[in-house]
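Student: So that we are looking at the same thing, I have put the structure below in structure tokens.
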Amino acid sequence: MRFVIFVLLMATSAMSFAKGVYLSSEAFVKEVFAGTPPAPEMLWLTGKKREHAEQILQHRPASLRTRYWKKEQRTVWILEEVGKDKPITVGLVINRNKIERIRVLVFRESRGDEVRHDFFTNQFNQAGLTKDHRLTKKIDGITGATLSVRALTKLAALALYLHTEVSKENDAQ
Amino acid sequence: MYSRIVISAVLLAFGLSGPASAADSTEMLKKEVSALKRQNKLILDRLEAVMDVAEKSPSRKGASHTRLGGYGELHLNQLDNNRVGGSDKNEIDLHRLIVFLGHDFSKDIRFWSEIEIEHTKVDDEGGEVAIEQAYIEFDLAENLLARAGVVLVPVGIMNETHEPPTFYGVERNNVEKNIIPTTWREAGVSINGRSGALAYDVMLHSGLETSAADNYAIRDGRQSVRKAPADDFALTARVKWTGIAGLELSAAIQQQADITQGNDATAGSATLLETHLAWQTGPFTLRALYASWSLDGEGPAAVGADEQTGWYVEPSYKISPKFGVFARLSNWDNTVNSGADSETSQTDVGFNYWPHGDVVIKFDYQTQDAPEGSDEYDGINLGIGYQF
């Protein structure tokens, strides 16, 4: 019993923040663009884009549109996907069709929060997208966090796909 | 409106109007364009408003305060019994159907439950309706939460994560059935925290109630929090390290104050030690687990149940994202010190096919080596499972 109380005291003494909110979307975007982010733009998921997004997520996208920020060859996306039962908010930076960086901004689930650590998210760096919308790198999972790992893997593929679509639209203009 | 603009433009282009009427037409065109712009802005504003409402709708998965989920699995077993006079097991069974129900009372306090029906119905031939989880969870800080209620005991690989698409093999492995009695839930209070790559759990909970009649077998000691004697409690502690991508190392210890809840003067306290690793690198995954009970008292010692031990090793390989193969070697013994041959070993080989990330079709072949006079099943298992 003394051990339980000791662990409780140790654990509670170092805590101060609200659970699971690690960085706001605004702060993440600002950080990526060194304090001077471009104005946000909106991409509508209609037609083929919606079909492909559905294929990547393995379900209908929760929203018909998504905001993004673009400067030269870089785009930044704030996307959400449910792991087991709550949405995980993730910031993704794509640079020249490769993942530059992924960061979990809000984790709301009770299990699987290992996915927010650098040792996991760093695996995605420099991953690209194959023609059938899979990542070009194999991502090592975490036992007991299968659904959170899957959620992040899907979002990585989705951000790469959306980046390609935005680039195509820009080239066409 | 567009046709009027076009007609005006055509008239202007062909100079069919005089200077005065040309000026009038230009003015009219400006008004038309201005009206179009206003209308366009109105449509876009209304679209934004509709999208805002749609995106905040509680019907979106994960957005509602009350959440529903579940999993289930159907099994076909075609097993020959090698015991002389033993019955073969040729049956098809909806082994389990589970409904998850959760509710957020606030940002920091929530309810979670798991309600199970086993073997489709309950009657004299078996079946079970059970509450496997029903607890209130409190966020205490960023990396710390507490649970109170019926909680899964933090031990083993499968006790907390056992949805069919997350593991290989039609049936759950026998070590995490007979030594760690998965799905093992107890009533109590738990603290779950994390510091960097190190996670820890401490749970004070209701204890097992084994008996001499069942040779103090652990699985038979589960009370399922059903009017359960609460004379003697238990404490479980676990540390888990996940500092390298794909690797989990875990160790747990449990101390039972009295594993018969005071019903057997010849028995007493008990200790469980469990450790496992789960390592995934590329398409290759290795799971290995060891668990051992030590029971005090003359009663368990007399039947050799003072030590109950099991282990398994399970390598698997994902040939594609949708198809993986595995092999498992497992070994368990609930009366290690009986002096007789009491150990059972089992080898499984098979595959999982995931047509969707949340749906799995499984096949495996099993062969057992059981003690003389015990059921010994060899044969095939086929299953389909899902989660949502």
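Taken together, the values in this text are just the output of simple stated rules run on the coordinates, not laboratory data. Just so it is clear, the model here is predicted, and its values are computed rather than measured. Note that we place each Cβ from the backbone using ideal geometry, even for glycine, and neighbour counts take in every protein chain shown.
Student: Counting other Cβ atoms within 10 Å, which chymotrypsin sites (Phe, Trp or Tyr not before Pro) in segment B:87-118 have at most 14 and lie in a DSSP loop?
Tutor: Qualifying residues, ordered by number: B:F105.
Student: Could you check which residue among B:Q368, B:Q261, B:Q39 shows the biggest mean-square fluctuation in a GNM of chain B with a 10 Å Cα cutoff?
Tutor: Per the Cα network of chain B with a 10 Å cutoff, B:Q39 tops the list.
Student: Looking at chain A as a GNM with Cα springs under 10 Å, which of A:H163, A:H117, A:H133 has the largest mean-square fluctuation?
Tutor: A:H117
Student: Can you find, among A:A53, A:T146, A:I88, the residue farthest towards the positive end of the dipole of chain A? Put +1 on the C-beta of Lys and Arg, -1 on that of Asp and Glu.
Tutor: The Cα lying farthest towards the positive end belongs to A:T146.
Student: Any idea what the alpha-carbon Rg over 2.2 N^0.38 Å comes to for segment B:65-387?
Tutor: Compactness ratio reported: 1.00.
Student: Give me the dipole magnitude in Debye, nearest 20, for segment B:65-387 about the Cα centre, with unit charges on the beta carbon: positive for Lys and Arg, negative for Asp and Glu.
Tutor: The calculation lands at about 1400 debye.
Student: Only Cα pairs under 8 Å and at least 6 apart count here; give the relative contact order of chain B as a rounded whole percent.
Tutor: 13 percent
Student: What list of ³J(HN,Hα) values in whole Hz, one per residue of segment B:100-105 in order, does the Karplus curve 6.51 cos²θ - 1.76 cosθ + 1.60 (θ = phi - 60°) give from phi, with Gly and Pro shown as x?
Tutor: Running phi through 6.51 cos²θ - 1.76 cosθ + 1.60 with θ = phi - 60° gives 8, 9, x, 8, 8, 6 Hz.
Student: Multiply the residue gap between B:L29 and B:Y317 by 0.36 nm, knock off their C-alpha separation, and tell me the result in nm, one decimal place.
Tutor: Extra length from B:L29 to B:Y317 when fully extended: 96.7 nm.
Student: Taking segment A:43-104, which trypsin sites (Lys or Arg not before Pro) meet the DSSP loop condition and have no more than 16 other C-beta atoms within 10 Å?
Tutor: Passing both the DSSP loop test and the Cβ count: A:R96.
Student: Of the trypsin sites (Lys or Arg not before Pro) in segment A:107-173, which ones lie in a loop per DSSP and count no more than 12 other C-beta atoms within 10 Å?
Tutor: Hits after loop and neighbour filter: A:K131.
Student: Another question about this same structure. Give me the base-10 log of I(q)/I(0) for the protein assembly as shown at each q in 0.05, 0.06, 0.10, 0.12 Å⁻¹, Debye formula, one uniform scatterer per Cα, rounded to two decimals.
Tutor: -0.28, -0.39, -0.91, -1.23
Student: Have a look at segment B:122-200 and give its Rg and Dmax from the Cα atoms, expressed in angstrom.
Tutor: 15.1, 50
Student: Moving on. Any idea what the relative contact order of chain A is, in percent, if you count C-alpha pairs under 8 Å spaced at least 6 apart?
Tutor: Worked out over chain A, it gives 19 percent.
Student: Right, another one. Treat each spin label as a single point 7 Å out from the Cα along the C-beta direction, and report the B:I253 to B:R226 distance in nm.
Tutor: Taking the two extended label points, one gets 3.3 nm.
Student: Further question: On a full-extension model of 0.36 nm per residue, what is the gain between B:Q78 and B:W241, subtracting their alpha-carbon distance, rounded to one decimal in nm?
Tutor: 54.7 nm
Student: Check which residues have an amide H placed less than 5 Å from A:L45's amide H, if you skip close sequence neighbours.
Tutor: A:R65, A:T66
Student: So if we plug the beta-carbon distance of B:L273 and B:N337 into 1/(1 + (r/R0)^6) with R0 = 22 Å, what FRET efficiency do we get, rounded to 0.05?
Tutor: Calculated transfer efficiency: 0.85.
Student: Oh, and also: Size of chain A along its principal axes in angstrom, Cα-based, largest extent first?
Tutor: Extents along the principal axes, in whole Å: 69, 34, 27.
Student: List the longest stretch of chain B that has no exposed loop site; here a site is one of the GluC sites (Glu not before Pro) assigned by DSSP to anything other than H, G, I, E or B, with at most 10 other Cβ within 10 Å.
Tutor: Within chain B, the longest run free of exposed GluC sites (Glu not before Pro) spans B:126-371.
Student: Here is a further query. Please list the equivalent ellipsoid semi-axes of segment B:256-323, computed as the square roots of five times the alpha-carbon gyration tensor eigenvalues, in descending order and whole angstrom.
Tutor: Calculated on Cα positions only, the semi-axes equal 39, 10, 9 Å.
Student: Compute log10 of I(q)/I(0) for segment B:73-226 with the Debye formula, placing one identical point scatterer on every Cα and leaving out solvent, at q = 0.10, 0.17 Å⁻¹, to two decimals.
Tutor: At q = 0.10, 0.17 Å⁻¹ the computed log10 ratios are -0.45, -1.18.
Student: Please compute the modelled spin-label separation between B:L47 and B:I131, points set 7 Å along Cα→Cβ, answer in nm with one decimal.
Tutor: Taking the two extended label points, one gets 5.0 nm.
Student: To two decimal places, what compactness ratio does segment B:233-379 give when its Cα radius of gyration is scaled by 2.2 N^0.38 Å?
Tutor: 1.28
Student: About its Cα centre, what dipole magnitude does segment B:82-185 give when the only charges are +1 on Lys and Arg Cβ and -1 on Asp and Glu Cβ, stated in debye to the nearest 20?
Tutor: Around 220 debye, computed over segment B:82-185.
Student: Still on this structure, please answer the following. Assuming R0 = 25 Å, can you tell me the calculated FRET efficiency for the pair A:Q73 and A:S25, based on Cβ-Cβ distance, to the nearest 0.05?
Tutor: 0.70
Student: Pop the C-beta distance of A:A39 and B:S195 into the FRET formula with R0 = 35 Å and round what comes out to the nearest 0.05.
Tutor: Approximately 0.30, to the nearest 0.05.
Student: Along segment A:85-93, what does the Karplus equation 6.51 cos²θ - 1.76 cosθ + 1.60 (θ = phi - 60°) give for ³J(HN,Hα), rounded to whole Hz, x for Gly and Pro?
Tutor: Per residue, the Karplus-derived 3J(HN,Hα) values read 8, 9, x, 9, 9, 10, x, 10, 10 Hz.
Student: Which whole-number percent gives the relative contact order of segment B:199-336, counting Cα pairs below 8 Å spaced six or more residues apart?
Tutor: Value for segment B:199-336: 18 percent.
Student: Please state, as a whole number in µm²/s, the translational diffusion coefficient that the Stokes-Einstein equation yields for segment B:295-388 at 25 °C and 0.890 mPa s, with Rh defined as the Kirkwood radius across alpha carbon pairs.
Tutor: 158 µm²/s
Student: Test of understanding: in a Gaussian network model of chain A with alpha carbons linked when under 10 Å, which of A:I88, A:I78, A:I142 would top the mean-square fluctuation ranking?
Tutor: For chain A, modelled as a Gaussian network with Cα springs under 10 Å, the answer is A:I142.
Student: Suppose we flag chymotrypsin sites (Phe, Trp or Tyr not before Pro) only when DSSP calls them loop and at most 16 other Cβ atoms lie within 10 Å. Which is the longest uninterrupted stretch of chain A?
Tutor: That gives A:34-173 as the longest site-free run.
Student: Hey, if you put +1 on the Cβ of every Lys and Arg and -1 on every Asp and Glu Cβ in segment B:190-318, which of B:L204, B:A288, B:L273 ends up farthest toward the positive end of that dipole?
Tutor: Result: B:A288, furthest along the dipole toward the positive end.
Student: For chain B, which longest stretch is free of loop sites, where a loop site is one of the trypsin sites (Lys or Arg not before Pro) that DSSP puts outside H, G, I, E and B and that has at most 12 other Cβ atoms within 10 Å?
Tutor: Result, exposed sites excluded: B:228-388.
Student: So what is the 222 nm mean residue ellipticity for chain B from helices alone, if each DSSP H run of at least 4 adds -39500 (n - 2.57) and you divide by all residues, rounding to the nearest 500 deg cm²/dmol?
Tutor: Calculated at 222 nm, the ellipticity per residue is -5000 deg cm²/dmol.
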